[in-house]
Structure formats: C-alpha cells, structure tokens
Amino acid sequence: MKKLLASTLALAIALGAGVAHAGQLEPEQEEGLIKMAAQLTEVAEICQHYSPAEITRMRAEQRKETLALGVPAARYDSLYAANAAEARKRMNGISPAQRKSTCDQMKAMAAMGARQR
C-alpha cells in the first residue's frame, strides 16, 4: 500500500509538473492533485495500512511536494482539509462490510503494484 500511494502521488505530481505553465499548476490541476492526495491518505489511515507516524510523514511530504509546484499553502491546506473530511465522511458512512471491501481492494492494488516493480 505504501508503494502504491507513493507511486500514485509521485505520478500525479510529475504529471502536474509536466503540464504546468511557468512552474505553476492550473487551478483544476491543483484541486485534482490535492483531492487525490487527501482521499488516498485518509482511506489508508482508516484502513490502518500505515502507522500514525507514517501517515503524518506522508501528509507532510505531500504538502511539501505540492507547495514546491507553486500551490499557495493556504489553498493547499483548505483543499486538503475539505477533501480529507469528505473522504472520512464517505468511509464512515458505509457499512463495515463495504469498508472492509474498500480496504481489501486498496491492499490488492498495492500488492499488484509491488509485483510490477
């Protein structure tokens, strides 16, 4: 899971940087990148795929990398908080069986990603 999350975020950041103009992301790119980071991290935390220390470190790295692309800190923090809250709300609103299925799917994707390396 850790490798999948890191790879997905690295790809998103690279793609965002590749289409950025003058080192800046377009607003839609910023929102998409931050939304994906928040959702993946929150689901990974709810599924307990990482320790609390790893989650904290990942959040800090995501923020640092995104700010390096020119996203203002206040915009990042606001978008991340809103999308993290939405991801938590969705995960908390599903049945335990659905939550387990979602977590199992993420673990399977991580295993598949690890095999491809």
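The values are calculated or read from the model by the stated rules, or taken from the named source; none is laboratory data. This one's a predicted model, so the numbers in the text were calculated from it and none came from an experiment. Don't worry about glycine lacking a Cβ; one is built from the backbone with ideal geometry, like all the others, and counts go over all protein chains shown. Note: areas computed on protein heavy atoms with side chains; ligands, DNA, RNA excluded. Shrake-Rupley method; radii C 1.70, N 1.55, O 1.52, S 1.80 Å.
Quick grid of which residues meet (1) farther than 16 Å from A37 by Cβ; (2) at pLDDT 95 or above; (3) within 15 Å of the chain's Cα centre (by Cα); (4) not hydrophobic (A, V, I, L, M, F, W, C):
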| residue | (1), (2), (3), (4) |
| --- | --- |
| H49 | no, no, yes, yes |
| L69 | no, no, no, no |
| C103 | yes, no, yes, no |
| A108 | yes, no, no, no |
| A111 | yes, no, no, no |
| Q116 | yes, no, no, yes |
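Taking the criterion of being among the charged types (D, E, K, R) and either assigned to a helix (DSSP H, G or I) or in contact with a helix residue (DSSP H, G or I) (Cβ under 6 Å, 6 or more places away or on another chain) (or both), the residues of segment 66-117 that qualify are R75, D77, E86, R88, K89, R90, R99, K100, D104, K107, R115.
Does Q62 qualify as being in a helix (DSSP H, G or I), out of contact with any Cys (no Cβ under 6 Å at 6 or more places or on another chain) and touching a residue at least 40 places away in the same chain (Cβ under 8 Å)? Before you say what the answer is, go through the steps one by one.
Numbers: in a helix (DSSP H, G or I): yes; out of contact with any Cys (no Cβ under 6 Å at 6 or more places or on another chain): yes; touching a residue at least 40 places away in the same chain (Cβ under 8 Å): yes.
In short, yes.
Out of all the residues in segment 83-117, which are of a type in the set (A, V, I, L, M), open to solvent by less than 80 Å² (accessible area, probe 1.4 Å) and touching a residue at least 24 places away in the same chain (Cβ under 8 Å)? Of everything in segment 83-117, those that are of a type in the set (A, V, I, L, M), open to solvent by less than 80 Å² (accessible area, probe 1.4 Å) and touching a residue at least 24 places away in the same chain (Cβ under 8 Å) turn out to be A84, A87, M91, M106, A110, A114.
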